[in-house]
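To start, the structure under review is shown below, and the notes come after it.
None of the figures in this text is laboratory data; all of them are computed from the coordinates on show. Note that the coordinates shown come from a computational prediction; the quantities given were computed from them, not determined experimentally. Here the Cβ positions follow ideal geometry from the backbone for every residue, glycine too, while neighbour counts run over all protein chains shown.
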Amino acid sequence: MFRKILIANRGEIACRIIRTAQRMGIATVAVYSDADAGAMHVAMADEAIRIGTAAPRGSYLRIDAILDAARKTGAQAIHPGYGFLAENATFAEACADASLVFIGPPASAIRAMGGKSEAKALMAQAGVPLVPGYHAAAQDLPTLQAAANDIGYPVLIKASAGGGGKGMRVVTSAADFPQALAGAQREAASSFGDDRVLVEKYLTRPRHIEIQVFADSHGHCVHLFERDCSIQRRHQKIIEEAPAPGMTSELRAAMGNAAVAAAQAVGYVGAGTVEFIVEDGQFHFMEMNTRLQVEHPVTEMITGLDLVEWQLRVAAGQPLPLTQSDLAINGHAIEIRLCAEDPARDFLPSVGLLQHLSLPADIRVDAGVRTGDRISPDYDPMIAKLIVHGPDRASALRKMASALRRAEIVGVATNLALLRAIIAHNDFAAGDFDTGFIARHPDLIAAHAPPPDAAIAASVLTILAMRAVRNSVPNDPNSPWGHSSGWRMNLPTTQTVTIQSGETNFAVHAQADGALTWDGKTCRAALANGRVTLDGVSVPVTMVGLTVLLAGAVFPFTEIDPLLPPETSAAAGTKVTAPIPGRVTNIAVTVGDAVVRGQLLAVMEAMKMEISLTAGRDGVVASIHATVGEMVAEGTEIVKLADLLQP
Ligand code: ADP
């Protein structure tokens with residue numbers, strides 16, 4: 001076994017790998033970018049080395065810097081985690097050239113599975129079932145259009161080099177095909193430097209079910225059952241579970257055998273995942289991910305195994321610890337991905353400081369950030385994974401519902417409320433779902449709920465307490481100037497506090513005796529010892545500044561100074577700004593263009609996502625303030641619109 005390994009990654013997966021290494025007595029080396037000098041994975045590792053700038057290109061993707069760090073620290077092997085260099089065959093080879101063990105499959109297997117088209121051709125030869133489709137070399141419009149017509153609409157265009165849902169377009173009719181193809185090719189070229197695509201039948205109600213496989217260098221290969229990853233947004237997973245609801249032992253055996261055949265066809269060694277799409281009891285190969293997956297913990301929970309330990313053993317040349325007949329499923333596990341993103345704004349990633357992060361301590365939490373860390377635009381917006389295990393699916397669901405009620409996050413927008421709504425949904429509980437579940441249930445994404453009275457009271461009482469501290473006269477407790485009761489000659493002692501939540505203002509009148517009045521109602525309120533009491537009923541509350549957390553729901557408030565003039569709205573919609581920091585990848589208009597509301601103006605890329613900036617109103621492009629390739633800060637004006645002059 002290795003004495004020391006280097007982890008060429010960051011965040012939760014780096015922390016997760018370090019934990020297993022520590023348990024096995026293996027020393028660890030972390031690498032970090034300038035953005036991560038104080039990160040959790042750096043704090044956990046035995047040694048840490050800076051490898052460059054915040055942007056991944058300048059750090060976590062730098063093969064030379066990572067190999068240097070390994071050499072300098074005497075690490076014997078490199079674990080790539082997932083993302084970054086995990087599926088980079090050149091990196092795997094460079095490790096071997098530097099006499100370092102790459103904790104992953106052979107470079108040849110990464111290459112064989114690297115292109116979706118090539119992998120499909122290979123799988124067809126190995127007898128693994130595919131979605132009907134076209135994945136040959138010719139890429140001209142007539143050939144692709146003819147292929148789509150043959151397959152029958154709807155079809156899905158996918159980037160051959162794809163990943164992360166980029167370069168994917170659903171096409172419902174022949175007439176829409178040329179434009180969709182151009183869009184997919186453009187996105188594929190800009191994301192992967194490769195505009196080749198494949199076309200396949202678009203299944204309308206499929207489940208995403210994948211098989212975890214493991215192979216050693218002694219010719220053994222097993223599967224560790226399936227994971228159901230059908231709950232997705234933007235074709236990307238947010239809830240995964242094992243086993244798959246409704247799975248039969250026959251289908252499991254057939255998919256397991258197909259996955260093992262897929263791995264063996266490319267001489268696989270290590271941990272891998274063969275992804276299938278399943279509809280009407282038929283399964284079809286989608287792709288193989290030649291690395292550890294984000295959702296591997298659910299497999300660990302139902303098998304009782306540590307997959308990182310298996311990776312280390314296999315990389316060190318040991319045989320697999322168990323054979324297929326030794327493996328069994330125990331109970332049910334569910335994982336959710338808690339992400340810094342706003343479901344109400346089309347899942348736009350949210351960046352910022354985690355002012356408060358409190359996750360349940362009685363379940364498995366794989367996190368890479370703590371209170372006080374930043375969610376940075378340079379990296380994936382995942383905050384943490386929560387994983388529960390129970391004897392059956394119903395008990396696992398109950399545990400997850402409880403865990404999500406107790407999760408508290410302040411500082412960034414999150415998908416917490418959406419996750420809660422899905423876990424509580426009857427159809428999800430009944431196992432009646434497919435990959436279109438979130439898209440088909442827009443009600444899951446609630447408009448921001450109005451704050452309950454307890455939240456309004458807690459926020460107002462916090463402001464009053466702060467005023468009291470600010471006003472106190474330190475050396476004279478009896479000074480009339482130190483009282484903040486609002487005393488006024490011949491008037492009752494009230495203070496008015498105006499707070500804003502979303503678009504709504506609340507003008508709350510506070511009496512000296514603790515009564516609060518607003519919107520025509522009066523209640524007695526108190527805030528002490530982590531509880532807010534309203535007319536005698538108290539509930540736990542967490543205050544982060546003026547933000548109130550009640551049962552995990554976040555209610556941010558701001559105090560309004562009633563003397564300030566209201567903001568003018570005359571200029572509404574003329575400035576089109578970057579909603580988060582990122583890189584401008586396309587400017588779709590030129591100065592002088594007339595545009596209509598909703599028209600695409602520019603495209604940005606941030607946090608592995610494309611963000612379209614559209615016109616909020618009809619008008620004409622007055623000026624453009626960014627260039628393609630430029631990094632822009634949040635709030636930077638990209639395009640200015642002006643009123644269209646009538647001729
Ligand atoms: P990526 O590698 O970009 O993540 P995948 O090929 O893994 O893309 O597909 C991502 C998701 O897109 C799948 O989990 C599934 O929900 C959906 N998908 C892929 N292929 C099809 C298809 N032929 N029909 C319907 N949905 C599909």
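Nearest 20 debye, what's the magnitude of the dipole of the chain about its Cα centre given +1 on Lys and Arg Cβ and -1 on Asp and Glu Cβ?
That gives a dipole near 840 debye.
K4: which lysines have alpha carbons under 29 Å from its alpha carbon, excluding same-chain residues fewer than 8 sequence positions away?
Filter leaves K72, K385.
Which shape class applies to the stretch 207-444: rounded if a/c is under 1.5, otherwise prolate when a/b exceeds b/c and oblate if not, where a ≥ b ≥ c are the square roots of the Cα gyration tensor eigenvalues?
Here the stretch 207-444 falls in the prolate category.
Using all C-alpha to C-alpha distances in the stretch 322-422, build P(r) with 10 Å bins and read off the rounded percent in each one.
For the stretch 322-422, the pair-distance distribution reads 15, 43, 27, 12, 4.
Using +1 at the C-beta of Lys and Arg and -1 at the C-beta of Asp and Glu, which of H441, I409, A421 has the Cα lying farthest in the positive direction of the dipole of the stretch 394-477?
Toward the positive end, the furthest listed residue is I409.
Starting at the first residue of the stretch 155-169, write each ³J(HN,Hα) from the Karplus equation 6.51 cos²θ - 1.76 cosθ + 1.60 with θ = phi - 60°, in whole Hz, x for Gly and Pro.
10, 10, 9, 10, 5, 4, 8, x, x, x, x, 7, x, 9, 9
Residue by residue, what Karplus-based ³J(HN,Hα) values in Hz, rounded to whole numbers, does the stretch 370-379 have, using 6.51, -1.76 and 1.60 with θ = phi - 60° and x for Gly and Pro?
Result, rounded to whole Hz: 10, 3, x, 7, 9, 8, 9, x, 7, 10.
Sequence-distant or interchain residues sharing an amide H contact under 5 Å with L644, placed H: which?
Here V620 satisfy the definition.
Tell me, what is the percent relative contact order of the stretch 207-444, built from C-alpha pairs under 8 Å that lie six or more residues apart?
Answer for the stretch 207-444 is 20 percent.
What are the residues whose amide H is under 5 Å from the amide H of F225, where those residues sit 5 or more places off or on another chain and H is modelled from the backbone?
Under 5 Å from the amide H of F225: Q212.
Mean Kyte-Doolittle of at least -1.0 plus a Cα span of 18 Å or more along the axis: flag which DSSP H helices in the chain meet both, please.
The answer, listed by residue number, is 11-23, 177-192, 249-265, 393-406, 453-471.
Compute the Cα gyration tensor for the stretch 289-336, then decide on rounded, prolate or oblate, letting a ≥ b ≥ c be the square roots of its eigenvalues: rounded whenever a/c is under 1.5, prolate when a/b is larger than b/c in the other cases, and oblate in all that remain.
Oblate shape, in that a/c is at least 1.5 and b/c is the bigger or equal ratio.
Obtain the nm distance between the two label points defined at T542 and A439 by a simple spin-label model: each point lies 7 Å from its Cα along the Cα-to-C-beta direction.
3.5
Based solely on its DSSP helices, what 222 nm [θ] is calculated for the chain when runs of n ≥ 4 H residues each add -39,500 (n - 2.57) and the sum is averaged over all residues, nearest 500 deg cm²/dmol?
Theoretical 222 nm ellipticity from helices: -7500 deg cm²/dmol.
Once you have the Kirkwood Rh of the stretch 1-111 from its Cα pairs, apply Stokes-Einstein at 20 °C and 1.002 mPa s and quote D in µm²/s.
Diffusion coefficient, whole number: 158 µm²/s.
About its Cα centre, what dipole magnitude does the stretch 1-142 give when the only charges are +1 on Lys and Arg Cβ and -1 on Asp and Glu Cβ, stated in debye to the nearest 20?
340
Multiplying the sequence separation of N505 and T614 by 0.36 nm and subtracting their Cα-Cα distance, what value in nm do you get?
Residue separation times 0.36 nm, minus the Cα-Cα distance, leaves 36.3 nm.
Order of F555, F2 from fewest to most other C-beta atoms within 10 Å?
F2, F555
How large is the translational diffusion coefficient of the chain in µm² per second when you combine the Kirkwood radius over alpha carbon pairs with Stokes-Einstein at 20 °C and 1.002 mPa s?
D, rounded to a whole number, is 78 µm²/s.
With a 10 Å Cβ neighbour count serving as the proxy for reagent exposure, in which order, fewest first, do T248, T585 appear?
Listing T248, T585 from fewest to most nearby Cβ atoms yields T248, T585.
What does the C-alpha gyration tensor say about the overall shape of the stretch 117-212? Classify as rounded when a/c is under 1.5, otherwise prolate if a/b is larger than b/c, or oblate.
rounded
For the stretch 54-61, what does the Karplus curve 6.51 cos²θ - 1.76 cosθ + 1.60, with θ = phi - 60°, yield as ³J(HN,Hα) per residue in whole Hz, taken in order and with x for Gly and Pro?
Once rounded to whole Hz, the list reads 4, 4, x, 4, x, 8, 5, 9.
Report the relative contact order of the chain, percent, no decimals, based on alpha-carbon pairs under 8 angstrom and at least 6 residues apart.
Dividing the mean separation by the residue count of the chain yields 9 percent.
What relative contact order, as a whole-number percentage, does the stretch 575-642 give when Cα pairs under 8 Å and 6 or more residues apart are counted?
44
So what is the diffusion coefficient of the stretch 309-378 in µm² per second by Stokes-Einstein at 25 °C and 0.890 mPa s, using a Kirkwood Rh over Cα pairs?
Translational D for this selection: 150 µm²/s.
Quick one: length gained pulling A175 to A424 fully straight, 0.36 nm per residue minus the C-alpha distance?
Additional length available on full extension: 85.6 nm.
Treat each spin label as a single point 7 Å out from the Cα along the C-beta direction, and report the T248 to N149 distance in nm.
In this crude label model, T248 to N149 measures out at 3.9 nm.
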